[in-house]
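The values are calculated or read from the model by the stated rules, or taken from the named source; none is laboratory data. Every value quoted in this text rests on a predicted model; they were computed, and no experiment measured them. FYI the Cβ positions are ideal-geometry reconstructions off the backbone, even for glycines, and counts take in every protein chain you see.
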Amino acid sequence: MDNQSQTDAGPEAPTNVGARILLAEDNYEMRKLLLWSLRRNGYTVVECPDGACILKKLGLTGEEPGGKFDLIISDIRMPGVTGLEVLEGANIFDELPPIILITAFPDKETLAEAERLGAAAVFAKPFDVDELLLKVRQTLPLQKRTTAEIELASQKPDFPLEITYRRQSGAPAIDAYIRERAAKMNRFAEHVLQCRVIIDEFRKNDHKKHRRQVEVILNVGGKSIVGKHDASGGDENLYYAVQIAFAAVYNELKKYLQKRRNYRTEKQ
């Protein structure tokens, strides 16, 4: 049964805006995904490829002055120092911020130790990035809500927008991103009668893998313009998939309107 509900920026972090987050993950692809998602939501992020880098960035090795961070997101199993060891150190150094842990090995002993040491949350891979972003917002003080988040929430398209989730639930963050993508077509609002966005999730029972399909459908004067993108893998960036689908629709809309203008010019 359908579940209906009524944020593109480059990878560079906004300056002087939002909370500072220290991100430690030895898997390159996962680290870049989380880095993009956090910065996209207005957070200033310092990345670390291993546990030793965390200690350096916190100023615990004496190699450089410690930076001030509002939150640490760390993988548990990393070369050098593990996320649990960093969490244990947080209990010794009271000035360290809250810590969210992520792991591909969520065994009972590890989860129990993380809870005992006071982790703000533990996410087992693969996880939904939107759920992590929600936990980040809940963990940080309310006054740390970023300017980027506020601006994204305020952007709305000048035409009817319908967002549908099939076989899954939506999230406020992805809803805001979809609205922002749609609002970029406001220059063509006089031609767009309606925009529908459908996010469908398929689960393959044999390998337990996910495939998400993002479909954007524009109703332009009786003609439908469609853009689709498949996101394979449960941890693939859904924001990126939405961006690609909207980019396809945007380009097709411009081509369609140009053809229509050319046709009218020839008729005159």
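Structural remarks
- In segment 128-155, residue modelled with the highest pLDDT [restricted to those that are part of a loop (DSSP other than H, G, I, E, B) and either outside the structural domain of LYS57 (by TED's automatic domain parsing) or surrounded by 14 or more Cβ atoms within 10 Å (Cβ to Cβ) (or both)]: ASP128
- Sole residue being farther than 25 Å from ARG196 by Cα, surrounded by fewer than 19 Cβ atoms within 10 Å (Cβ to Cβ), at pLDDT below 70 and touching a helix residue (DSSP H, G or I) at 6+ places or on another chain (Cβ under 7 Å), chosen from GLU63, GLU113: GLU63
- Selection count where residues are modelled with pLDDT of 85 or more and crowded, with 19+ Cβ neighbours inside 10 Å, scope segment 11-30: 5
- Residue within segment 232-248 that is more than 21 Å from the chain's Cα centre (by Cα), at pLDDT 85 or above and within 19 Å of GLU180 (Cβ to Cβ) present: no
- Residue match in segment 77-98 (condition: buried (at least 18 other Cβ atoms within 10 Å of the Cβ), within 30 Å of GLU201 (Cα to Cα) and modelled with pLDDT under 85): no
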